[in-house]
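Visitor: Here it is: the structure, laid out below.
The values are calculated or read from the model by the stated rules, or taken from the named source; none is laboratory data. Here the structure is a predicted model, which is why all the values come from computation and not from measurement. Cβ: placed from backbone, ideal geometry, glycine included. Neighbour counts: every protein chain shown.
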Amino acid sequence: MKTNKKMRVVHLISGLGQGGAEAVLLRLTTWPDPEVEHIVVSFADAGIYGQPLMDAGVEVRTLGMTPGRLTPADFWRLRKCLVQLGPDVIQTWMYHADLIGGLAARMAGFRHIAWGIRNSGSNLAKSSRSAYLFARLGAFFSRWIPQRIICCAEDARRRHVQWGYAPQKMVVIQNGYDFSRWSPNESARQALRTEWGVSEQVPLIGFVARWNPLKDHASLIKAFAQCLEKRPDLHCVLVGLDMDENNPSLMALLSQYGVREKTILLGMRKDVPQIMSALDLHVLSSIAEGFPNVVAEAMACGVPNVVTDVGDAALIVGEAGWVVPAAAPDLLAEKIMQALDLIEQSDKTTLAQQVRARVMDAFSLEKMVAEYRQVWLAMCKTKK
């Protein structure tokens, strides 16, 4: 890399749809840095994050590939795109881009390649067979393709080393957050609760996550039903892709446990920071995560969490939350009740400040950006 120009970092990702990795990519590439130029290449289309990236001045290129149907022409187009862009560093995001993008970059003659592991790997086969296959293939190719492998969580690093990933190349950079967007918002809390017909005295839990087997909404809904036996005024908000009445599997679960009338289905929303502020408690019921963004985001809004012990969820909440084993709805219900009891007995302002301080100290966006930049600069200074 020449010292008289910006470091050009090209980010490769399979798509720019809704997801935690895509959100982190947006935060990382739109952080003001006069010495780094970011370009994002999506294998598919611009998704929902393409326009916000472009609005922030980040160049976005889309290759129009069909997900799950990579052709030789697609691969050649990706390689040609990289040659045209001439990056100093190539940062890939998630297994498909790690392997496909990494191979294309190597064949184009690039060596400064950083893979991005965004999943703990736990129960991955249940969520996506292709992702699981690419993850396991990545173990073999990790010794040749990437110069560095950046993991979003310590749990992810450990599991991938067990799978055979090159341990000496791995570094953990935990997610960072723009806390100017995520903060307690009392006016939004009051407005949304009024809209939903939920008074301030009614306890309100919620989960922000798309419909996906790894999120284990079934355990959450079963736990919610058990909590209603003791707290019949309790309500639950579900937010995310396919979390609406058009999802027959979700509706069947709500009917099975008799909780439909107490459940608020919001589907995809752009006002998640405001929704977080309306909650008394956020509940993560996942059976697998890397570094679950929603937990830190809820905490930044002053909302405590009950989380399953997956990925780095327990590390995020620290002493400011409750942790239960995954796929244990009875225990989940018990912890939800314990949490609600403590919340009701506490001064809400003081509790919100304590919960928010936990993530502000540990997971600032500035810290994450600096750590990525440090890794990229170190890569550029080496010949391999």
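Visitor: Of all residues in the stretch 200-256, which are out of contact with any Ser or Thr (no Cβ under 8 Å at 6 or more places or on another chain), of a type in the set (Lys, Arg), part of a helix (DSSP H, G or I) and within 23 Å of ALA298 (Cα to Cα)?
Guide: LYS222
Visitor: Return the residue satisfying two criteria in turn: it lies in the stretch 168-198 and is in a helix (DSSP H, G or I) and of a type in the set (Gly, Ala, Ser), and of such residues it is surrounded by the most Cβ atoms within 10 Å (Cβ to Cβ).
Guide: ALA188
Visitor: Same structure again: From the list LEU133, LEU99, pick out the single residue that is free of Cβ contacts under 8 Å to residues at least 12 places away in the same chain, of a type in the set (A, V, I, L, M) and part of a helix (DSSP H, G or I).
Guide: LEU133
To keep it simple, each residue is scored yes or no on (1) over 17 Å from the mean Cα position of the chain (by Cα); (2) within 27 Å of ASN293 (Cα to Cα).
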position: GLY19; (1), (2): no, yes
position: LEU25; (1), (2): no, yes
position: PRO32; (1), (2): yes, yes
position: ALA44; (1), (2): yes, yes
position: ASP55; (1), (2): yes, yes
position: MET65; (1), (2): yes, no
position: LEU85; (1), (2): yes, no
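Visitor: Identify, by number, the condition in (1) crowded, with 17+ Cβ neighbours inside 10 Å; (2) farther than 19 Å from GLU371 by Cβ that GLN51 doesn't meet.
Guide: (1)
Visitor: Going by what's in this entry, would LYS270 be described as out of contact with any helix residue (DSSP H, G or I) (no Cβ under 7 Å at 6 or more places or on another chain) and not assigned by TED's automatic domain parsing to the domain that holds ALA21?
Guide: The answer is yes for LYS270.
Visitor: Also, I was wondering about something else. Restricting to helices (runs of 4 or more DSSP H) lying wholly in the stretch 300-379: which have 2 or more residues that are of a type in the set (A, V, I, L, M), within 17 Å of the chain's Cα centre (by Cα) and under 16 Å from GLN174 (Cβ atoms)?
Guide: Because the criterion is at least 2 residues that are of a type in the set (A, V, I, L, M), within 17 Å of the chain's Cα centre (by Cα) and under 16 Å from GLN174 (Cβ atoms), the helices (runs of 4 or more DSSP H) in the stretch 300-379 that meet it are 313-317, 348-362.
Visitor: Confirm whether LEU284 is at pLDDT 95 or above and within 14 Å of the chain's Cα centre (by Cα).
Guide: Against the criterion (at pLDDT 95 or above and within 14 Å of the chain's Cα centre (by Cα)), LEU284 qualifies.
Visitor: Sort through LEU28, LEU70 and tell me the only one that's of a type in the set (A, V, I, L, M, F, W, C) and either assigned to a helix (DSSP H, G or I) or crowded, with 22+ Cβ neighbours inside 10 Å (or both).
Guide: LEU28
Visitor: Sort out which residues of the stretch 136-158 are more than 21 Å from the chain's Cα centre (by Cα) and either touching a residue at least 60 places away in the same chain (Cβ under 8 Å) or farther than 27 Å from ARG69 by Cβ (or both), and write them in order of number.
Guide: ARG143, GLN147
Visitor: Looking only at residues that are under 22 Å from the mean Cα position of the chain (by Cα) and part of a helix (DSSP H, G or I) in the stretch 103-130, which one is modelled with the highest pLDDT?
Guide: Among those residues, the one meeting the criterion is SER130.
Visitor: Please go through the stretch 243-259 and pick out each residue that is crowded, with 16+ Cβ neighbours inside 10 Å and among the charged types (D, E, K, R).
Guide: Hit for the stretch 243-259 is ASP244, nothing else.
Visitor: Ok, one more. On the basis of being modelled with pLDDT of 95 or more and over 18 Å from the mean Cα position of the chain (by Cα), does ILE264 make the cut?
Guide: It is true that ILE264 is modelled with pLDDT of 95 or more and over 18 Å from the mean Cα position of the chain (by Cα).
Visitor: Further question on the same structure: Mind checking which pairs have a first residue in the stretch 273-289 that is part of a strand (DSSP E or B) and a second that is hydroxyl-bearing (Ser, Thr, Tyr), Cβ under 7 Å, 6 or more apart or different chains?
Guide: Final answer for the pair search is LEU284/THR308.
Visitor: Could you check the stretch 192-217 and list, in sequence order, the residues that are out of contact with any His (no Cβ under 8 Å at 6 or more places or on another chain), at negative phi and free of Cβ contacts under 8 Å to residues at least 60 places away in the same chain?
Guide: THR194, GLU195, SER199, GLU200, GLN201
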